Amino acid sequence: MAEKSNKQEALQALANQLEAAEASLREIHKMISELGVKPEDLPKPNDKRPAATPAAVGSNAKVIEGRFDGQGMVGPNGKTYPVPANYASKSKLVEGDTLKLTIADDGSFIYKQIGPVERKKLIGKLTLDDGQYKVEAGGTAYNVLFASVTYFKAQPGDEVTVVIPAEGSASWAALEAVIGAE
């Protein structure tokens, strides 16, 4: 019975991630439309993206600064921009970090962390609750990105280290390491 429950929770987590990806795609299509471009008129994707050099970014690049909210970057106008989960995971971004988004002439989104907030680390237990991975640490349940869990090959019940902002409250934590199964 527990195996079926774990499978159902994993499927729910995948469904949630799929919805988030589809929401990001809708936002991208909306931005393309706002630029007055038809999707069929977009250039073919490159196999390899050029490095984010001034020449690759272009002279008409748009730069936006915002705060990381645990999943995306909230700009000064309140608009949320999708932050790739693998970038957020590898960079161990936490809520409140300041990011700079450069939208290159070719439409590429290039993120850079420019203002990390002070951090603290906690040890907790990884759980899966209604399809959302969480870490219970210090009396609080923090959401963690699915991409981080898969990257570290973590499993519910594992003891993990997470990073959160040193000040204030947070809903999200960055997974730093798996200590081991309990």
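The values are calculated or read from the model by the stated rules, or taken from the named source; none is laboratory data. It should be emphasised that the depicted structure is a prediction, and the values quoted were computed from it without experimental measurement. Note: ideal-geometry Cβ built from the backbone for every residue, glycine included; neighbour counts use all protein chains shown.
What tally of residues in the stretch 134-164 results from selecting those that are within 16 Å of the chain's Cα centre (by Cα) and not hydrophobic (A, V, I, L, M, F, W, C)? So the answer is 6. Taking Glu167, is it part of a strand (DSSP E or B), surrounded by fewer than 21 Cβ atoms within 10 Å (Cβ to Cβ) and not β-branched (Val, Ile, Thr)? Spelling it out, it is not the case that Glu167 is part of a strand (DSSP E or B), surrounded by fewer than 21 Cβ atoms within 10 Å (Cβ to Cβ) and not β-branched (Val, Ile, Thr).
If you go through the stretch 55-83 and pick out every residue that is within 28 Å of Lys134 (Cα to Cα), surrounded by 14 or more Cβ atoms within 10 Å (Cβ to Cβ) and out of contact with any Gly (no Cβ under 8 Å at 6 or more places or on another chain), you end up with 4.
Consider the stretch 123-144 and keep the residues that are in a strand (DSSP E or B) and either of a type in the set (Val, Ile, Thr) or not assigned by TED's automatic domain parsing to the domain that holds Pro156 (or both). The one that is nearest to Ala174 (Cα to Cα) is Val135. In summary, strands (runs of 3 or more DSSP E) completely within the stretch 48-119 and bearing 1 or more residues that are modelled with pLDDT under 95 occur at 62-68, 98-103, 109-115. For the stretch 156-182, the set of residues classified as farther than 24 Å from Arg67 by Cα and either among the β-branched types (Val, Ile, Thr) or modelled with pLDDT under 95 (or both) consists of Val160, Val178, Ile179, Gly180, Ala181, Glu182, listed by residue number.
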